[in-house]
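Report on one structure; see the data block that follows.
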Amino acid sequence: MSITDLDYYQQAVLLLAGLIGLTSFLMLGQSRLVRLVWIFGLQGLLLAATTALVAAVLDSPHLYISALLTFCLKGIVIPNLLNRQIVRLGLHREMDTIEHPARIMMGGAALMVFSYYVSLPVIAQSQLVTLNAVAVSLAVVLLGMLLMITRRQAMAHVVGFMSIENGLFFAAVVSTYGMPMVVELGIAFDVLVAAVIFGVFFLHIRSSIDSLDVDRLSRLSEAEEK
Amino acid sequence: MIGVYLILALPLAGMAILALQRDSRKAGRINVLCNGLALAASVWLALDVLWRGPRLSPGKLLYIDSFNVYLVALTAFVGLTTSIFSGPYMAHEREIGRIGSRRLRLYYSMYQGFMLAMYLVLTTNSMGVMWVAMEGATLATVLLVSLYRTPESVEAAWKYFILCGVGIAQALFGTILLYFAAEQVQGLGGDALLWTVLHEHAAALNPSILALAFVFLLVGYGTKIGLVPLHQWLPDAHSEGPTPMSAILSGLLLNDALYAVVRCKMVVDGSLGNHTAGNLMMGFGMLSFLVAALFLHRQSDIKRLFSYSSIEHMGLMTFAFGVGSPWATFAALFHMTTHSLTKSAIFVTVGHASQLAGTQRMDKIRGLIRTQPAVGWGLLIGTVAIAGFPPFGVFASEFLVLVATMQDYPWLTPLLLLGVGTAFAGLFRHLQPMVYGDAPEGLRPIKANLLPVMIHLALVLWLGLAIPAFLGDWFNQATRLISGGLPL
């Protein structure tokens, strides 16, 4: 089956999936926090666009609600919240050093391939669109984890965490046309509360270790007395 | 069904009232009252299920059967006794100035928030809502772990938040895959995420997708159970938070996460028709059991010691559920009860012991029996019980696990015995000097409330001597539900 056999709707979903995957790679290579958050917001907007598209094609009103929710939360509220924190904590000039950027990118590409491999059982009974969507969403989840592993800034960890959530949401929208409304509302609520708690935490970490560098969080370990 | 609504409404109301209650003593009493009422409601509910069978709420979102109703009752019971302990404990922490009144309000409000999340995990019928509630439990407790605002506690809370957040995201992916598989089956429509529907149509679900989903679900909820190697957050969160929090985390949260895994396993087993899910659980469970038993030897902090002991016991339960025969399932259910009663009792005594010594470091805690016999004996008996000595209930349940393993996987029994022996040695090498020996100068007895400890240990003793008929009945019903057969 080649890509020209698909109708416009499916092609559009594939395009959006590709763009969402791309934003994950952009985040992986971005060392400035403000831009990192900005790209994260972009990913949220793309996600909202995907949801709206699916809603339009399937004509299901409840997906419009979740598109609106994603647009507001992931596209506007959370990025703004994070950016305000960055400015307030004076982190907007700082660069987060990324060690071995080339290797990290290669690792990211490997994760992408791995996600396609893992999703293979799914194609057996579904069409091309679903395969790509599930694979890309799994890749976004894994790339989010890679982002968290490679950074030291607590803020970058939060962005990675939130982008994992984006990947999951994408999987839910494209492969199953949205979870039941109750669940989506619940997830949105959890994400919002998490964002607020993260904000509180930045202040705590800042006031207790004087920096947001999580490498300095190393008091608790199994090692014998220091 | 009114009982279920009551159980969910009570903590919600408690959360709101306690967020506004400025008087800390009154807040402690309101907390006890809310939990007491919830316990009453859960007992009513349990009797209802026992007599009239499983119930589904009209909107199909809540479901009660013999498996979750007994966990609801256990949750409510441990919630109540811990709240009885937490009143004076937190008042003492307030007096010595470790926390202010605003944070105390946060504490009480989130205590109820946590109870609400736990009840919702247990009673909901939708796998999606179960995930939401589980994440809610993390959010409710994360600020409590950092309640003291020391650098250590902030670090522990951050670790807890990030690890559990990322871990449980995997469970959401698993849930989405589950929904995806269910949507392929004709005629399920929007109900495809309801557990009752999934369980009924399990045979029609695509096995390869479900196997993939189960891996994600096990890793996700397994992070919350504290399975090795996803356990890193657990000892930190237990040791740095306030002690009542450790008691309910160990006694309740871990159980409920395991409950979620077992629910998923029931669906996956129906679809796969083989033992893959069970094998995965057995592997993870055995690894956690052995690794945690070894780590017991290396601890220097008393709360970390007992949190590793929790990992060990959760590993054993996961293993037993993985074995999956009616015997093993019965044993796992029984072990869930005895462990959660004993462990919360131990954390209560540990709380008193560390308040008494002014530290959580075990080399500074000495001669408890001489300074305050009640605390010393409480700790000694609690540890004897958790290490699996007869005649306590933990012995009976561990013995059952052993017998069940011998039946199906005889070659694994030496490993189990080795683990139990290692854990026993690990606990006692630390316990001996803390309880006996000379007390350092200047220790004065504190006002201790050992009523919850005595009730819990008496119950564990009773369970070790004889399982009451109604409880045995419950366990039997739940076992038939999970493994499709009766133990005897």
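The values are calculated or read from the model by the stated rules, or taken from the named source; none is laboratory data. Nothing here was measured: the structure is a model prediction, and the numbers come from that model. Note: ideal-geometry Cβ built from the backbone for every residue, glycine included; neighbour counts use all protein chains shown. Calculation scope for accessible area: heavy atoms of the full protein, side chains included, ligands and nucleic acids excluded. Shrake-Rupley method; radii C 1.70, N 1.55, O 1.52, S 1.80 Å.
Checking the stated criteria, B:Leu193 turns out to be within 13 Å of chain A (Cβ to nearest Cβ) and either buried (at least 24 other Cβ atoms within 10 Å of the Cβ) or under 24 Å from the mean Cα position of the chain (by Cα) (or both). Looking only at residues in region B:67-92 that are hydroxyl-bearing (Ser, Thr, Tyr) and open to solvent by less than 10 Å² (accessible area, probe 1.4 Å), the one that is farthest from B:Tyr148 (Cα to Cα) is B:Tyr70. B:Ala237 meets each of the listed conditions (1) free of Cβ contacts under 8 Å to residues at least 24 places away in the same chain; (2) more than 25 Å from B:Leu333 (Cα to Cα) apart from (1). Considering only residues in region B:357-373 that are farther than 17 Å from B:Lys303 by Cβ and out of contact with any helix residue (DSSP H, G or I) (no Cβ under 7 Å at 6 or more places or on another chain), the one that is surrounded by the fewest Cβ atoms within 10 Å (Cβ to Cβ) turns out to be B:Pro373.
Pairs meeting the criteria (first residue in region B:149-165 and facing chain A (nearest Cβ under 7 Å) and within 17 Å of A:Gly160 (Cβ to Cβ), second residue open to solvent by 20 Å² or more (accessible area, probe 1.4 Å) and of a type in the set (S, T, N, Q), beta carbons under 8 Å, at least 6 apart or on different chains) are lacking. Can you confirm whether A:Ser66 is buried (at least 17 other Cβ atoms within 10 Å of the Cβ) and either within 14 Å of chain B (Cβ to nearest Cβ) or among the polar types (S, T, N, Q) (or both)? So A:Ser66 fits the description; yes. Which ones in region B:209-243 are surrounded by 24 or more Cβ atoms within 10 Å (Cβ to Cβ), away from chain A (no Cβ under 14 Å) and either among the hydroxyl-bearing types (Ser, Thr, Tyr) or over 19 Å from B:Met134 (Cβ atoms) (or both)? Correct list: B:Tyr221, B:Thr243. Of the residues making up region B:134-148, those that are farther than 18 Å from B:Asp301 by Cα and at the interface with chain A (Cβ under 10 Å from one of its Cβ atoms) number 8. Within region A:179-192, residues that are facing chain B (nearest Cβ under 7 Å) have Cβ atoms under 8 Å from residues that are surrounded by fewer than 20 Cβ atoms within 10 Å (Cβ to Cβ) in these pairs: A:Pro180/B:Gly190; A:Val182/B:Leu61, counting only partners at least 6 apart in sequence or on another chain. Among the residues here, B:Leu50 qualifies as in contact with a Phe, Trp or Tyr (Cβ under 9 Å, 6 or more places away or on another chain), at pLDDT below 90, in a helix (DSSP H, G or I) and open to solvent by 30 Å² or more (accessible area, probe 1.4 Å). Looking across region A:21-38 at every residue that is without any contact (Cβ under 8 Å) to a residue 12 or more places away in the chain and surrounded by fewer than 16 Cβ atoms within 10 Å (Cβ to Cβ), the one that is nearest to A:Ala135 (Cα to Cα) is identified as A:Leu22. Give A:Asp215, A:Asp210 a once-over and let me know the one that is open to solvent by 30 Å² or more (accessible area, probe 1.4 Å), in contact with a helix residue (DSSP H, G or I) (Cβ under 9 Å, 6 or more places away or on another chain), more than 9 Å from chain B (Cβ to nearest Cβ) and at pLDDT below 80. Of A:Asp215, A:Asp210, the one residue that is open to solvent by 30 Å² or more (accessible area, probe 1.4 Å), in contact with a helix residue (DSSP H, G or I) (Cβ under 9 Å, 6 or more places away or on another chain), more than 9 Å from chain B (Cβ to nearest Cβ) and at pLDDT below 80 is A:Asp210.
Scan (1) within 16 Å of the chain's Cα centre (by Cα); (2) open to solvent by 50 Å² or more (accessible area, probe 1.4 Å); (3) small (Gly, Ala, Ser) for the single condition A:Ala48 breaks and write down its number. Status for A:Ala48: all satisfied but (2).
When the residues of region A:160-178 are filtered to those that are out of contact with any Phe, Trp or Tyr (no Cβ under 6 Å at 6 or more places or on another chain) and at the interface with another protein chain (Cβ under 7 Å from one of its Cβ atoms), the one that is surrounded by the most Cβ atoms within 10 Å (Cβ to Cβ) is A:Glu165. As for region A:39-48, it holds no residue that is in contact with a strand residue (DSSP E or B) (Cβ under 7 Å, 6 or more places away or on another chain), touching a residue at least 60 places away in the same chain (Cβ under 8 Å) and in a helix (DSSP H, G or I).
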